[in-house]
Amino acid sequence: MDPKSASPPSLSATRPVEPEEATKLKAKLLSAWNSLKYVSAWSLKQKSKFSKSTPVIMLGKTYELTRPGDREHFRRSFSSIVWLTYRRGFPPLPGGGLSTDSGWGCMLRTGQMLLAQGLLLHLMPPDWSWTAPLHSVKDDMNLQDNNPSARSAQSHSALRRQLSLGSLLDRPLEGTHRRVVTWFADRPSAPFGVHRLVEVGRTSGNKAGDWYGPSIVAHILRKAVNKSPDLPNLSVYVAQDCTVYKEDVSSLCEWPGSNSTTFWTSVILLVPVRLGGQELNPTYIPYVKKLLSLRCCIGIIGGKPKHSLFFVGYQEDYLLYLDPHYCQPTVDVGKGDFPLESFHCKHPKKMPFSRMDPSCTIGFYAKDPNDFETLCKDVTEALFTSTTYPMFIFEEGPGPQDDVSGVSTNLTHIQRKRVTSSSMDEFVLL
């Protein structure tokens, strides 16, 4: 995070400066300062330790690190997740002239990663992985192999042959992969780039340079997808007051087709929750683990000001995450063969569950009505408890038309308290 001893440069003017000119000058100085502060990659290259005795759970898949091939498959699956970080040198954002999001845009970046994961599930085969060169998914897990053998060498050789064959078979999908990445490019025309998200956020009173909470970002993503002509077969639904109203989801996804048939769009469900007061309530840790173990889960975004992370899995009592706090140069995605390496991370990182901020948004994906019903069933079973309040629930009927109106009468078992802390102003407290 931010070095405590560091401070941004101050403005010292030798002549009176007009307010608008001063704002632009300050934006340029802060932009340059943050670009320098987050340009170091030393923290990314610090290796997290992984245990061989317990499995790694990531986005609904289990990887037994003692099994031949699972370790390599985990690396490939992790490096296939789209990684979106701070960028510098992009066209200035409106309303201040910022040309980087360093220091303030981390929640937008984790929101982009959450949406990108949903788009990969929506557009790619279920078990797709990026056919990156082998050197780009080398061992960065700090996991020692105590029994090297010829069998292990043969296994790696066979895996290389398998990956080479896969790279030939997956070439038609590479165009789709690249198209998804371009949708998050740092240019005004990108439908889910930082320019578009900031523009959408202005309707909620946010502007470039502001802190965006996980709930605000969920609604920004919903509006951005709804406005995009690139995804006519995908909808985004944001839960209200920790409740997913199934009738509202159906109304959002169902469209009349030909011959009196009904067409159903795929849907990304975003559920903003707060799992505690100032700190994470440890009671909810088992349920977070269960959700990350579901195939329908596309990850969790959360954090506190200037420290948002994208959680994708866990091992034992440690969360697995991708970190956007690394400022990279803007990539020109207008070239057909633009480099993809800076959009994928090969360094798995871990942190204790106890350090997870309680403010978060959980994402899910359902391709069709059957998928949605399975999602509701699986998530309900994962959250079922007789001793604690559930993280969120599903309701059969429609939700309130106004977000600030009353709540369903079936929600009386969920406690809600008004809080005054600025870090909690967009959440109900469970």
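Quick notes
- Test: residue in the stretch 359-377 that is more than 21 Å from LYS246 (Cα to Cα) and within 16 Å of the chain's Cα centre (by Cα): yes
- If you filter the stretch 117-131 down to residues that are part of a loop (DSSP other than H, G, I, E, B) and open to solvent by less than 30 Å² (accessible area, probe 1.4 Å), you find that the one that is nearest to SER342 (Cα to Cα) is TRP130.
- Tabulated pairs, the stretch 243-269, first touching a residue at least 40 places away in the same chain (Cβ under 8 Å), second surrounded by 16 or more Cβ atoms within 10 Å (Cβ to Cβ) and basic (Lys, Arg), C-beta under 7 angstrom, 6+ apart or interchain: SER266/LYS367
- Pairing residues of the stretch 196-219 that are touching a residue at least 12 places away in the same chain (Cβ under 8 Å) and closer than 16 Å to SER102 by Cβ with residues that are among the aromatic types (Phe, Trp, Tyr) and in a loop (DSSP other than H, G, I, E, B), at Cβ distances under 8 Å and at least 6 apart in sequence or on separate chains, gives ALA208/TRP104; GLY209/TRP104; ASP210/TRP104; TRP211/TRP104.
- Residues that are outside any helix (DSSP H, G or I), open to solvent by 10 Å² or more (accessible area, probe 1.4 Å) and either touching a Gly at 6+ places or on another chain (Cβ under 9 Å) or within 20 Å of TYR86 (Cβ to Cβ) (or both), drawn from the stretch 192-217: ASN206, LYS207, ALA208, GLY209, ASP210, TRP211
- TYR284 being part of a helix (DSSP H, G or I) and crowded, with 22+ Cβ neighbours inside 10 Å: yes
- Number of residues in the stretch 256-269 that are farther than 17 Å from LEU231 by Cα and assigned to a strand (DSSP E or B) equals 2.
- Condition broken by TYR321, with the remaining ones in (1) open to solvent by less than 30 Å² (accessible area, probe 1.4 Å); (2) assigned to a loop (DSSP other than H, G, I, E, B); (3) out of contact with any helix residue (DSSP H, G or I) (no Cβ under 8 Å at 6 or more places or on another chain); (4) not hydrophobic (A, V, I, L, M, F, W, C) satisfied: (2)
- Candidate set: the stretch 218-264, residues that are more than 25 Å from LEU383 (Cβ to Cβ) and under 17 Å from the mean Cα position of the chain (by Cα); chosen: the one most open to solvent (accessible area, probe 1.4 Å): LYS223
- Considering the stretch 326-357, and only residues there that are outside any strand (DSSP E or B) and more than 29 Å from GLY193 (Cβ to Cβ), the residue that is most open to solvent (accessible area, probe 1.4 Å) turns out to be ARG355.
- Selection status of GLY303, modelled with pLDDT of 95 or more and assigned to a strand (DSSP E or B): no
- From LEU65, LEU114, LEU108, residue being part of a loop (DSSP other than H, G, I, E, B), of a type in the set (A, V, I, L, M) and touching a residue at least 24 places away in the same chain (Cβ under 8 Å): LEU65
- Filter result (among the aromatic types (Phe, Trp, Tyr) and open to solvent by less than 10 Å² (accessible area, probe 1.4 Å)) within the stretch 305-318: PHE310, PHE311
- Among the candidates ILE285, ILE298, the residue that is of a type in the set (A, V, I, L, M), in contact (Cβ under 8 Å) with a residue 24 or more places away in the chain and over 23 Å from SER80 (Cα atoms) is uniquely ILE285.
The values are calculated or read from the model by the stated rules, or taken from the named source; none is laboratory data. Note that the coordinates shown come from a computational prediction; the quantities given were computed from them, not determined experimentally. Reconstructed Cβ throughout: ideal geometry from the backbone, glycine too, with neighbour counts over all protein chains shown. To get the accessible areas, we keep the full protein, side chains included, count just its heavy atoms, and leave off ligands, DNA and RNA. Shrake-Rupley method; radii C 1.70, N 1.55, O 1.52, S 1.80 Å.
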